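The values are calculated or read from the model by the stated rules, or taken from the named source; none is laboratory data. Keep in mind that this is a model prediction, so the values were computed, not measured. Ideal geometry is used to build each Cβ from the backbone, glycine not excepted, and the neighbour counts take in all protein chains shown. Accessible surface is based on the protein model in full, side chains and every heavy atom, while ligands, DNA and RNA are left aside. Shrake-Rupley method; radii C 1.70, N 1.55, O 1.52, S 1.80 Å.
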Amino acid sequence: MGIIAVFGGTFNPIHIGHSEIISCLSKQSDIEKIIIIPTKIPPHKEADLLADSIHRYNMCAIIASDYDIVEV
């Protein structure tokens, strides 16, 4: 059985750095699935100017659609 990678963050917005991490993870032969989890409240910074949750979810879904093993 392969590894399930969990990638969480506020993704406000999801950016090239996040995309590169997902790309690198997707190339690992032992990773079976990558789950992106957009979080509502970041534990390490102020959350005053977050985009709406649905927009951040949709941004993650767009990135996930490029890969067969990625889901949000």
Considering only segment 23-64, how many residues are over 16 Å from PRO13 (Cβ atoms), within 14 Å of the chain's Cα centre (by Cα) and not charged (D, E, K, R)? 6
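Condition check ((1) at pLDDT 95 or above; (2) surrounded by 14 or more Cβ atoms within 10 Å (Cβ to Cβ); (3) not aromatic (Phe, Trp, Tyr)) across all residues:
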site: GLY2; (1), (2), (3): no, no, yes
site: GLY9; (1), (2), (3): no, yes, yes
site: ILE16; (1), (2), (3): yes, no, yes
site: LEU25; (1), (2), (3): yes, yes, yes
site: ASN58; (1), (2), (3): yes, yes, yes
site: VAL72; (1), (2), (3): yes, yes, yes
Checked pairs for segment 35-50, first more than 27 Å from ILE3 (Cα to Cα), second outside any loop (DSSP other than H, G, I, E, B) and not acidic (Asp, Glu), C-beta under 9 Å and 6 or more apart or across chains, list as LEU50/ARG56
Kindly list the number of the only condition in (1) β-branched (Val, Ile, Thr); (2) open to solvent by less than 50 Å² (accessible area, probe 1.4 Å); (3) modelled with pLDDT of 95 or more that fails for ILE62. (2)
Matching residues, segment 34-56, being β-branched (Val, Ile, Thr), open to solvent by 50 Å² or more (accessible area, probe 1.4 Å) and either at positive phi or not in a loop (DSSP other than H, G, I, E, B) (or both): ILE37, ILE54
Collect the residues in segment 15-34 that are acidic (Asp, Glu) and under 14 Å from ILE3 (Cα atoms), keeping them in residue-number order. ASP30, GLU32
